[in-house]
Amino acid sequence: MDPMIVTKEAGATTMPLGMTVAEPSCQMIGAELMTFADDVRGNSIFLANLVSAFSAHERCGLHLYRTAAGMTQIEEWRAKYEEFGAQTAEHVRILAELTTQLGGDPMYVSPQARMTEFCDSKLMEAILLAGSVDTMTMELTTLEAVFLAEQKCHANWELLKTLASQMTDSPARRAIEHAVSEVEGQEDEHVRWAQQTLKQTIMALVGVGLAAGGGGEVS
Amino acid sequence: MAFNPLTEKGIPIDKQLRNWSELSVQPYDKDEVDPYTRCRVIAMNGIEVESIMFSHQFARHTDNPDIKRMLAMTRRVEQQQQKAVSGLVPGDETTLEHTIAYEQVAVDLTAFLARNEPDPYLKQTLDFALLEDFDHLYRYANLLDLIEGKKADRITKGLTEIMPGRPTVDEHRHPYDEIRGHYEKHTVDPLSRCHVMTITAAEQQTMNFYMNIGNRYIEPIARSLYQEIAMIEEQHVTQYESLLDPLETWFQQEVFHQYNECYMYYSFMTEESDPRIKAIWELHLGQEIEQLRLACEMMHRYEGVEAEEILPQSLPEPTRFQENKGYVREVLASQIDLRTVGTQFVPLDQLPKDALYFSYQQQVNGGGLVPSEDVIKEHVRAQGGDYRHETEGPHPVKQMEQAATQKR
């Protein structure tokens, strides 16, 4: 199983809701999600759907980094996009592993995951309007997309961390804590770099210099 | 042997343009052509038209010059492909004769797709419209006999039966009841996606054809029959396009269009009996492989998605034109009275009394004129019965064994 690819061939499942239909063999029913992370003793179905959405966001992040690395003309940014993209691919794998440890299916695409993918794809659609902006505006738009995506990504992992902190000691709690510990440093760095780079670049374009060390502060 | 267009070498895009001589193809002989060769020509014409119109829509949603240029280049070749395919239709094939062939496409393509469709809901959707196109063939066949004095089985050559399906008069449904659920882009079988794209393109082509040629006849019965059936084709396009997952992005849709063209040209190339036309399918497959590569390159560049992440490792089993008489009879016998409520298929006797179906029926059929009924009545009056071509015995639905136009 390659967690980067979610297709029928790879074993994808979904929960048909509203307008969505799927073959019976690809359908996930609520009862199958009832045992997801049951140590939490909460709404297992909601949590399973949420974690699936987190996975979708990580996959979209990987696609965003690939695009950004290919598009940018700023070498320093390209290096960062490639570095963070590789880390994001690893985060996809870690989330897939966590999903399995919690009793879920990493190939499950929840309705929430579909909506996450839809919203994330709109961030990337900015490229469709590239013909009427200058190069720097496009660079900043891409960086802004990274910043927004990373903020959500960061918030997702924070949520998992908070969730674990509310749980009694259990295999599920330890699995979540382990996953969070593997990624949180990198997630902090992704947001920090995107925010600081965006800020510094805009200030430079405006013609106002930043004091050394001040780039990461947001008022 | 598995065929993967992603690993095949196509014709470079700058080598794909043809001059006018190359585009000026020899039409088929309408009396000699294999009916299913003609069906393939009609189907591929529709698929090219859809590809072109999608590309235009995509181009209208971007000002990125690189994307616009790539779309314009590919689209120009698609236009040439469409001209070459469309040019195979001879000028001495009358509009009604060609219409009979359109409906033969609709019947045997839909039936084949339904028989091979893995998703039960998509299969049901195909079965549902199958019976309606089957009825259109019957109505047009009677019109052909009435105004041109020609038997439609000379065109279909007995490969497709001609008899009533779900009566066209009963097919008029409220627009809300034409919406269907859609497949999910991650879980959909690649074959299902190809089925949906193919049938949407084919029905859209039929809709466009009737929209534009319905006024080419002088006879009021012909003009009004084209109008009525064209409205059903609008319903069918509404139905089939609903099946597509809107989560698929512009770039992904472009890739899927190119992929489906590869799939259909490959399918038809492997079964084509006319060597001259087979060579056209082969040439176009070589062109589509390159167009697919370019679409995948664009998707990778602007979305970071690799082709292998969304496409299978080989083309699905080919789509074929072949006889489906037994299958059509089974569906006729079991689903003739099916209707829809919203996205669901419901037997007529289970429709709620206040169903939109009834009020819409009253609105469109309530004026006294129902061309699809009148054409049969006229045929019965003129020739003592309706025109049919039943090769496998009497109609599988007892009450349809006779030419009974509905009392309303």
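The values are calculated or read from the model by the stated rules, or taken from the named source; none is laboratory data. Computed from a predicted structure; not experimentally measured. Here Cβ is always computed from backbone atoms with ideal geometry, including for glycine, and neighbour counts include all displayed protein chains.
Here are the numbers for this structure:
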{"read-out": "Residues within region A:26-43 that are away from chain B (no Cβ under 14 Å), touching a strand residue (DSSP E or B) at 6+ places or on another chain (Cβ under 9 Å) and assigned to a loop (DSSP other than H, G, I, E, B), tallied", "value": "0"}
{"read-out": "Candidate set: region B:293-306, residues that are assigned to a helix (DSSP H, G or I) and in contact with a His (Cβ under 9 Å, 6 or more places away or on another chain); chosen: the one farthest from the other protein chains (Cβ to nearest Cβ)", "value": "B:A295"}
{"read-out": "Region B:227-241 residues that are part of a helix (DSSP H, G or I), paired with ones that are among the β-branched types (V, I, T) and surrounded by fewer than 18 Cβ atoms within 10 Å (Cβ to Cβ) (beta carbon under 8 Å, 6 or more apart)", "value": "B:M231/B:V364; B:T238/B:I179; B:Q239/B:I179"}
{"read-out": "Selection from region B:307-327 of residues that are more than 20 Å from B:F112 (Cβ to Cβ) and either more than 9 Å from chain A (Cβ to nearest Cβ) or aliphatic (A, V, I, L, M) (or both)", "value": "B:A307, B:I310, B:L311"}
{"read-out": "Residue that is assigned to a helix (DSSP H, G or I) and either more than 11 Å from every other protein chain (Cβ to nearest Cβ) or surrounded by fewer than 20 Cβ atoms within 10 Å (Cβ to Cβ) (or both), where the choices are A:A113, A:A149, A:A130", "value": "A:A149"}
{"read-out": "Matching residues in region B:102-129 - criterion: being of a type outside the set (F, W, Y), farther than 19 Å from B:G326 by Cα, in contact (Cβ under 8 Å) with a residue 12 or more places away in the chain and surrounded by fewer than 23 Cβ atoms within 10 Å (Cβ to Cβ)", "value": "B:P118"}
{"read-out": "Any chance A:E23 is at the interface with another protein chain (Cβ under 9 Å from one of its Cβ atoms) and crowded, with 20+ Cβ neighbours inside 10 Å", "value": "yes"}
{"read-out": "Subset of region A:84-99 [buried (at least 24 other Cβ atoms within 10 Å of the Cβ) and within 12 Å of chain B (Cβ to nearest Cβ)]", "value": "A:T88"}
{"read-out": "Whichever residue in region B:298-310 is under 30 Å from the mean Cα position of the chain (by Cα) and surrounded by fewer than 21 Cβ atoms within 10 Å (Cβ to Cβ) and, among such residues, is nearest to A:A89 (Cα to Cα)", "value": "B:E309"}
{"read-out": "Tally, over region A:50-83, of residues that are in a helix (DSSP H, G or I), within 14 Å of chain B (Cβ to nearest Cβ) and farther than 20 Å from A:M1 by Cα", "value": "11"}
{"read-out": "Given (1) crowded, with 20+ Cβ neighbours inside 10 Å; (2) away from chain B (no Cβ under 14 Å); (3) on the phi < 0 side of the Ramachandran plot, number of the condition A:F46 does not satisfy", "value": "(1)"}
{"read-out": "A:T7 vs. criteria in a helix (DSSP H, G or I) and without any contact (Cβ under 8 Å) to a residue 12 or more places away in the chain", "value": "no"}
{"read-out": "Cβ pairs under 9 Å, 6+ apart, first in region A:56-83 and surrounded by fewer than 16 Cβ atoms within 10 Å (Cβ to Cβ), second of a type outside the set (A, V, I, L, M, F, W, C) and not in a helix (DSSP H, G or I)", "value": "A:G70/B:G304; A:R78/A:T72"}
{"read-out": "Only one of B:A84, B:A152 that is touching a strand residue (DSSP E or B) at 6+ places or on another chain (Cβ under 6 Å) and buried (at least 19 other Cβ atoms within 10 Å of the Cβ)", "value": "B:A152"}
{"read-out": "Only listed residue being of a type in the set (S, T, N, Q) and farther than 23 Å from B:V237 by Cβ, chosen from B:N142, B:N208", "value": "B:N142"}
{"read-out": "Number of the exception - B:E241 against (1) more than 11 Å from chain A (Cβ to nearest Cβ); (2) touching a Pro at 6+ places or on another chain (Cβ under 9 Å)", "value": "(2)"}
{"read-out": "The one condition in (1) over 23 Å from the mean Cα position of the chain (by Cα); (2) among the hydrophobic types (A, V, I, L, M, F, W, C); (3) surrounded by 14 or more Cβ atoms within 10 Å (Cβ to Cβ) that B:L348 fails to fulfil", "value": "(3)"}
{"read-out": "Residue tally, condition part of a loop (DSSP other than H, G, I, E, B) and either closer than 14 Å to A:V109 by Cα or more than 7 Å from every other protein chain (Cβ to nearest Cβ) (or both), over region A:10-20", "value": "7"}
{"read-out": "Boolean, B:E272 is under 25 Å from B:F112 (Cα atoms), buried (at least 18 other Cβ atoms within 10 Å of the Cβ) and touching a Gly at 6+ places or on another chain (Cβ under 9 Å)", "value": "no"}
{"read-out": "Options B:G165, B:G158: the member that is at positive phi and either more than 14 Å from chain A (Cβ to nearest Cβ) or touching a strand residue (DSSP E or B) at 6+ places or on another chain (Cβ under 6 Å) (or both)", "value": "B:G158"}
{"read-out": "Condition met for B:M53 (more than 14 Å from chain A (Cβ to nearest Cβ), surrounded by fewer than 19 Cβ atoms within 10 Å (Cβ to Cβ) and closer than 29 Å to B:L191 by Cβ)", "value": "yes"}
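Okay, residues lined up against (1) within 30 Å of B:C262 (Cβ to Cβ); (2) of a type outside the set (F, W, Y); (3) at pLDDT below 95:
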residue	(1), (2), (3)
B:E317	yes, yes, no
B:L338	no, yes, no
B:L348	no, yes, no
B:A355	no, yes, no
B:Y360	no, no, no
B:N365	no, yes, no
B:I376	no, yes, no
B:A382	no, yes, no
B:E392	no, yes, no
